[in-house]
1. Which number in (1) part of a helix (DSSP H, G or I); (2) in contact (Cβ under 8 Å) with a residue 12 or more places away in the chain marks the one condition that G143 misses?
2. When you check L86 against the structure, is it closer than 22 Å to T21 by Cα and over 13 Å from the mean Cα position of the chain (by Cα), yes or no?
3. Is at least one residue of region 1-9 modelled with pLDDT of 90 or more, of a type in the set (A, V, I, L, M) and surrounded by fewer than 17 Cβ atoms within 10 Å (Cβ to Cβ)?
4. Please find, within region 116-135, the residue that is surrounded by the fewest Cβ atoms within 10 Å (Cβ to Cβ) out of those that are without any contact (Cβ under 8 Å) to a residue 40 or more places away in the chain and farther than 24 Å from L76 by Cα.
5. Test of understanding: among K98, K39, which residue is among the basic types (K, R) and either farther than 18 Å from I116 by Cα or surrounded by fewer than 16 Cβ atoms within 10 Å (Cβ to Cβ) (or both)?
6. Any residue at all in region 107-115 that's among the aliphatic types (A, V, I, L, M), closer than 19 Å to K138 by Cα, out of contact with any Gly (no Cβ under 8 Å at 6 or more places or on another chain) and surrounded by 13 or more Cβ atoms within 10 Å (Cβ to Cβ)?
Amino acid sequence: MDFLAGLHPKVVHFPIALLLTYVLCELIGFIFKKIFFSKTAHLLLFLGVIGAIAAVLTGNQAFSTFHNWNTASRELFSHHQTYANLTVWYFSGLLVLKTFFVLKKKSNKAFEYFIILLALFGCFLIYQTSYYGGDLVKKFGVGTELRIDNPKMND
């Protein structure tokens, strides 16, 4: 399963880009009243959720392959994992909500404002997840060749 763990640093950037671009398209669609951007936003949200699920699965595998956990790194990972799970569930819920209203053709100004506010809050969750994940890499070398548990470094 080391293969999946090695995919995490590669996979994780796709949902970040897709979900942030989703928010941008949602805003553009709202401001300029362009249905193309609203439909594109919906597709990006779907792809971003799929990518986020893949990132969480590979991240959990990466956690199991890193053996040099101490109190500080475990706490940092706990924060990262909490925000990653919140992000996946949050955007999944947003996808269900948006899909429901699209299928029911119940869109109105209040709903659009509400979706944009939810999407913007989702950016905060992405930021927090990325912040703690970045610290795991910078401070502890998780997911890099510079890990303390790397046998090559112990020579």
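1. The number of the failed condition is (1).
2. Details: closer than 22 Å to T21 by Cα: yes; over 13 Å from the mean Cα position of the chain (by Cα): no.
Spelling it out, it is not the case that L86 is closer than 22 Å to T21 by Cα and over 13 Å from the mean Cα position of the chain (by Cα).
3. no
4. That would be L117.
5. Among K98, K39, only K39 is among the basic types (K, R) and either farther than 18 Å from I116 by Cα or surrounded by fewer than 16 Cβ atoms within 10 Å (Cβ to Cβ) (or both).
6. Start the filter on region 107-115 by keeping residues that are among the aliphatic types (A, V, I, L, M), which leaves 110, 115.
Of the ones still in play, those that are also closer than 19 Å to K138 by Cα are none.
Scanning region 107-115 turns up no residue that is among the aliphatic types (A, V, I, L, M), closer than 19 Å to K138 by Cα, out of contact with any Gly (no Cβ under 8 Å at 6 or more places or on another chain) and surrounded by 13 or more Cβ atoms within 10 Å (Cβ to Cβ).
The values are calculated or read from the model by the stated rules, or taken from the named source; none is laboratory data. These numbers come from a predicted model, not from an experiment. Every residue, glycine among them, receives a Cβ derived from its backbone with ideal geometry; neighbour counts consider all protein chains shown.
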